[in-house]
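Engineer: My questions will all concern the structure given below.
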Amino acid sequence: MRYVQNESEILCLNHGWRFIEKDFSVLPPEASIKHDAIYRYAKAGAQLGPASADFDDGDWSEVSLPHDWVPFKDFTPDAYPNHGYKRRGIGWYRVKFQLPESDKERQILLDFEGMSCDAQIYFNGQLLYRNFSGYKSFAVDLTDMANFGDVPNVLAVRVDASAWEGWWYEGAGIYRSVWLHKKAAAHIAHNGVWAKPVFKEGRWTVEVETTVENSFEYDRDFTLETALYAPSGSLCGTAVQTGTVKGYDSAVMKSAIAVEKPELWSIDTPNLYRVKARVSGDFGEHFQCVETGLRTIRYDADEGFFLNGENVKMRGFCNHQDHAGVGAAVPYAIKEYRIALLKKLGANAYRCAHNTDPEILEICDRQGMLVMEENRTFSSAEDNLLRLESMIRNSRNHPSVVMYSMFNEEPLQGTRKGHRMAGRMQALVHRLDASRPCTGAFNGGQMEDEGAATILDIVGINYNPASYDAFHAKFPNKPVFGSETASAFMVRGEWEEDREHRH
């Protein structure tokens, strides 16, 4: 369960789902496609098949989330070895729930932590969102299409895992938790609190940027109270502001709270401060809490990485998200156990290979693990930049995150195209969070004069330690590190690759 996601009312929507691995059409039956059917289908809320409220899913399986349907399938010798010799396919999920009449003047929001992979989100017969990544958290606003009172709401999700994004086990399905948020008419936006610790002239402050959002047509006057709490729970200070947010609009509020006797976040002492932002007015109130840590980071091309002014050698692991027996639907407790085990082995750094997970960041915050947060798709296309923005907004409150990776082992990494894509992605990251550097994991091309290495803040090199000195000689002011230095793909207990028997 996510620890720091506290709001006025947030409900876990992990139970009561029905699932089937089968595809259905949301179009009218071919035999009935005449003028009236085409006319009705073209209207809001008129999607058919499993997207419609009256669809009969009585013979579907009952499942709870997180859910990955691949581990339950048989091994298939001619399936992709990278995906564990199991086929993925297409599946549908449906869940029904009711909202009381008292929710009519509230924002209703769904937070999907992750699903694999391409998906369409239908709500009460309306297509509300298309997802094109198995490695992204996203939110869907249900407010306008919600039913209240006795009429139930029907949420339907079509997941298409026919293709793949990676060359490793990816699973299929809604493999992370889903949360239902109920917020006041004026409220704090999703991921709308950014608590940024700043150390300047020997003093610490926490600068807080809060986005207040209005889901309805009437302008709203509001009071925003921001409170900062020390790791012990004692109050460090508050800031009170007033403002107006116009109908269907948002307002960004900024404040700063000084910190006396700071307790720094570090690998050995992962102290966490808590920020509570509360917005109130004649519409009621809504609050959101986030955690942050006071710490400084610095990268030096000659001396390496510094945490709180101390030189620290990163000893890390590259970690995929799946786990034996459960596939991609990894329970929170297993994530905690694995990171604790890595620390016991002597690790102090965790590379999210090759995706982001909000639960992992929270665990690393509390256990004192440095994180290399990684974007999955190397592209400066508009939809990918939106996914990258979502990743940064999910990550920037977490003190464990010390760098953002734009890509891993891309054929264009050493080209002018790669330079331009990396530059545009890095510029977006810096606009959202200038406190952390951007990098990429190169398996070649890092020595090219026009490649991505020439524009990124720091450079990671995969599997070529002999090139470190050559890179440093050519780019003496560019920090470099080993982003991936060893791997293996045999199964436990097998020490030789046997292609004939598929292991």
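What follows is calculated from the coordinates using simple rules that are stated; it is not laboratory data. Just so it is clear, the model here is predicted, and its values are computed rather than measured. Reconstructed Cβ throughout: ideal geometry from the backbone, glycine too, with neighbour counts over all protein chains shown.
Engineer: Kirkwood Rh, region 174-272, all Cα pairs: how many Å?
Structural biologist: About 15.6 Å for region 174-272.
Engineer: Oh, and also: Of all GluC sites (Glu not before Pro) in region 373-457, which ones are in loop regions per DSSP and have a Cβ with at most 15 other Cβ atoms within 10 Å?
Structural biologist: GLU450
Engineer: Given H placed on each backbone N at 1.01 Å, which residues far from HIS67 in sequence or on other chains put an amide H within less than 5 Å of it?
Structural biologist: Sorted by chain and number, the residues that satisfy this are ILE174, TYR175, ARG176.
Engineer: Okay, moving on. Using only helices, what value at 222 nm comes out for the chain when you add -39,500 (n - 2.57) per DSSP H run of length 4 or more and divide by the total residues, to the nearest 500 deg cm²/dmol?
Structural biologist: Helix-only estimate at 222 nm: -4000 deg cm²/dmol.
Engineer: Using the Karplus curve 6.51 cos²θ - 1.76 cosθ + 1.60 with θ = phi - 60°, what ³J(HN,Hα) values do you get for each residue of region 152-167, in whole Hz, with x for Gly and Pro?
Structural biologist: Whole-Hz 3J(HN,Hα) from phi for region 152-167: x, 9, 10, 9, 10, 10, 9, 10, 10, 10, 5, 9, 8, 10, x, 9.
Engineer: While we're looking at this one, here's another question. Applying the Karplus parametrisation 6.51 cos²θ - 1.76 cosθ + 1.60 with θ = phi - 60° to the phi angles of region 103-116, what ³J(HN,Hα) value in whole Hz is obtained for each residue in order, glycine and proline being reported as x?
Structural biologist: 8, 4, 9, 10, 7, 10, 10, 9, 10, 9, 6, x, 8, 10
Engineer: To continue, here is another question. Using a 10 angstrom Cβ neighbour count of at most 11 plus a DSSP loop assignment to flag exposed trypsin sites (Lys or Arg not before Pro), which longest range of the chain is free of such sites?
Structural biologist: In the chain, the maximal stretch lacking such sites is 44-312.
Engineer: Also, quick follow-up: For region 20-52, run through the chymotrypsin sites (Phe, Trp or Tyr not before Pro) and keep only the ones in DSSP coil with at most 15 other Cβ atoms within 10 Å of their Cβ.
Structural biologist: Numbers: sites: PHE24, TYR39, TYR41; in loops: PHE24.
Loop-located and lightly packed - PHE24.
Engineer: Any chance you could check the Cα centroid distance between region 115-182 and region 230-294 for me, in angstrom?
Structural biologist: Each part's Cα centre sits 30 Å from the other's.
Engineer: Sticking with the crude label model, points 7 Å out along Cα→Cβ, report the distance from ALA42 to ALA301 in nm, one decimal please.
Structural biologist: Those two pseudo-labels are separated by 6.2 nm.
Engineer: Here is a follow-up. For LYS344, which aspartates and glutamates qualify as cross-link partners when the Cα separation must be under 14 Å and same-chain residues fewer than eight apart are set aside?
Structural biologist: The reachable aspartates and glutamates, counting only those whose Cα sits under 14 Å from LYS344, are ASP268, GLU336.
Engineer: Shifting gears a bit: Taking amide H atoms as placed 1.01 Å from N in the peptide plane, list the residues 5 or more away in sequence, or in a different chain, whose amide H sits under 5 Å from that of SER266.
Structural biologist: HN-HN under 5 Å from SER266: ASN271.
Engineer: Now, a different point. At what distance in nm do the modelled label points of VAL151 and THR242 sit from each other, each positioned 7 Å from its Cα along Cα→Cβ?
Structural biologist: 4.0
Engineer: Also, quick follow-up: Given 0.36 nm per residue, what is the gain on full extension from LYS196 to LYS22 after removing their alpha carbon distance, in nm?
Structural biologist: This chain segment gains 58.1 nm when fully extended.
Engineer: Another question about this same structure. Provide, as a two-decimal number, the C-alpha radius of gyration of region 316-417 over 2.2 N^0.38 Å, N being how many residues it has.
Structural biologist: Ratio of Cα Rg to 2.2 N^0.38 Å: 1.13.
Engineer: Considering amide H positions built from the backbone, and no H for Pro or chain starts, which residues 5 or more places from GLY444, or on another chain, come under 5 Å of its amide H?
Structural biologist: Under 5 Å from the amide H of GLY444: ASN462.
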